[in-house]
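Only one structure is covered here, and it is reproduced in the block below.
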Amino acid sequence: MTSFEYACSTRIDFGVGAVNRLPENLTSAGFGRRIMLVTDPGLVTAGIAARVTDLLEANGFSVTLFDLVKPNPRDSDCLEGAAKFRSRWCDALVAVGGGSAMDTAKTIALLARHGGTPQQYADGELSYGEVAPVACVPTTAGTGSEVTRSAVITEEKTHRKMTLKHEWLRPQLAVLDPVLTRTVPKTITAATGVDALVHAIEGYTCKRTQPISQAFGAQAMSLIYRALPTAYENPDDIEARSDMLLGSLLAGLCFGSADVASVHCLAEALGGLYDTPHGLANAVFLLPVLKYNASENVALHAQVARHMGVASDSDSPDEAVSQMLLALSEWLQKLDIPPLSELPNVSRSDEARIIELAMANSSTQSNVREMSVESYRAILEEAFAGSHP
Ligand SMILES: [Fe+2]
């Protein structure tokens, strides 16, 4: 008999035009009027930050802009954001952007209320309670961070990716408008979309999964596998953009109360060491990890193949798994994902360090098949040898 717990307290407003309802959503969720808007310089240039600021100010909110968010967000930026939040007497945060903006906002919300450093919370030296309220407006379809209770922050000194995880970090509000994702560049659409599929697959298969995560994951896989190539090829296809944003949200609801696993452990090692975009780092490890995991868990991965729509009930589990591996390889090529050996700065001579970081990642324990230094080495070697993912 299965027993499990599942929680997600985030209020969700999804749909074309949803961003226009942000002010009323903030008010009805009980947010204060002094908002810190957390975003990245690209969204400032694109005018999206100004659009949200104007919308908030027209509805009686005051806005302090924090636009220093970088890909693979750093501890130092979070500390700077928290200092600004306090000095401007802000009382809530709105993150506009991808996972980096959302994770930075969650961490600022914690540091502004409770002091300390991200390290002290990640390492369990400090505990905390309620943080400043956070609302998320994702502009990419990938991370799912708008509904998860975690934030991944890089320790600048050591390149370690730290995961802060607590129910307090779950955003109170997520406003998802597919229109905001329409201008995302092709390469980012592809990389963030692959990240979302990996969330669904890892959340569905990992040791900490449960039936509710699996239900969300199954739907997410089906949507993302179908919609991503269309969104990549036709950026203005609002149906595909909408399916991707919904798919990444469902993937967040899947892994957010389960875990990710070894694809992410390797990807986070790469992100910490070389600043590799998170989705791209996931993409290059997806196939080698899936092959390793599926060889011991055929029936489970046959389910994944069926949810993605690349195998039917009449296919044997072995057939379904091989069809899935082949289909995913073609899918990644369609998205022009480069192989590991072509990613900038990545060096094979760092293999031991990558393995060390992956082994130290707590999600290694969640991988459905036991991981060891040797298994990570074999996966890395396969990824380095591949001419395509
Ligand atoms: Fe991810």
## Note on the structure
Looking across segment 264-300 at residues that are within 16 Å of the ligand (Cβ to nearest atom) and not in a helix (DSSP H, G or I), the single one that is nearest to the chain's Cα centre (by Cα) is Pro277
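Open to solvent by 60 Å² or more (accessible area, probe 1.4 Å) and without any contact (Cβ under 8 Å) to a residue 60 or more places away in the chain: is that true of Arg353 in this structure?
Details: open to solvent by 60 Å² or more (accessible area, probe 1.4 Å): yes; without any contact (Cβ under 8 Å) to a residue 60 or more places away in the chain: no.
In short, no.
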### Task
Pull up segment 28-62, narrow it to residues that are more than 28 Å from Met244 (Cα to Cα) and touching a Lys or Arg at 6+ places or on another chain (Cβ under 9 Å), then point me to the one that is surrounded by the fewest Cβ atoms within 10 Å (Cβ to Cβ).
Gly60
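Residue check: is Gly217 surrounded by 24 or more Cβ atoms within 10 Å (Cβ to Cβ) and under 13 Å from the mean Cα position of the chain (by Cα)? So that I can check it myself, show each step before the final result.
On the way: surrounded by 24 or more Cβ atoms within 10 Å (Cβ to Cβ): yes; under 13 Å from the mean Cα position of the chain (by Cα): no.
Against the criterion (surrounded by 24 or more Cβ atoms within 10 Å (Cβ to Cβ) and under 13 Å from the mean Cα position of the chain (by Cα)), Gly217 does not qualify.
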### Query
In segment 295-312, what residues are closer than 14 Å to Ile201 by Cβ and in contact with a Lys or Arg (Cβ under 9 Å, 6 or more places away or on another chain)?
Asn297, Met308, Gly309
### Message
Looking at the structure I just gave you, is Val152 under 16 Å from Ser9 (Cα atoms), hydrophobic (A, V, I, L, M, F, W, C) and either within 16 Å of the ligand (Cβ to nearest atom) or in contact with a Leu (Cβ under 8 Å, 6 or more places away or on another chain) (or both)?
### Response
no
#### Entry: Meets criteria (acidic (Asp, Glu), open to solvent by 30 Å² or more (accessible area, probe 1.4 Å), out of contact with any helix residue (DSSP H, G or I) (no Cβ under 9 Å at 6 or more places or on another chain) and at pLDDT below 95) for Asp275
yes
### Task
Check whether at least one residue in segment 58-74 is assigned by TED's automatic domain parsing to the domain that holds Asn20, within 15 Å of Ala92 (Cβ to Cβ) and free of Cβ contacts under 8 Å to residues at least 24 places away in the same chain, and report yes or no.
no
### Query
Which strands (runs of 3 or more DSSP E) does segment 118-169 wholly contain that include 3 or more residues that are closer than 21 Å to Gly42 by Cβ and in contact with a strand residue (DSSP E or B) (Cβ under 6 Å, 6 or more places away or on another chain)?
134-138, 150-154
### Query
Taking segment 250-263, which residues are part of a helix (DSSP H, G or I) and open to solvent by 10 Å² or more (accessible area, probe 1.4 Å)?
Leu250, Leu253, Phe255
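So which of Ala109, Ala82 is part of a helix (DSSP H, G or I) and either touching a helix residue (DSSP H, G or I) at 6+ places or on another chain (Cβ under 6 Å) or not assigned by TED's automatic domain parsing to the domain that holds Cys136 (or both)? Reasoning before the result, please.
Values: Ala109 fails: either touching a helix residue (DSSP H, G or I) at 6+ places or on another chain (Cβ under 6 Å) or not assigned by TED's automatic domain parsing to the domain that holds Cys136 (or both).
Unique residue meeting the criteria: Ala82.
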### Query
With (1) of a type in the set (A, V, I, L, M); (2) closer than 25 Å to Asp13 by Cα; (3) within 12 Å of the ligand (Cβ to nearest atom) as the list, and Ala261 as the residue in question, which single condition is left unmet?
(2)
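The values are calculated or read from the model by the stated rules, or taken from the named source; none is laboratory data. No experiment lies behind these values; they were computed from the predicted model shown. All Cβ positions, glycine included, derive from the backbone under ideal geometry; neighbour counts span all protein chains shown. With ligands, DNA and RNA removed, areas are computed over all heavy atoms of the protein, side chains included. Shrake-Rupley method; radii C 1.70, N 1.55, O 1.52, S 1.80 Å.
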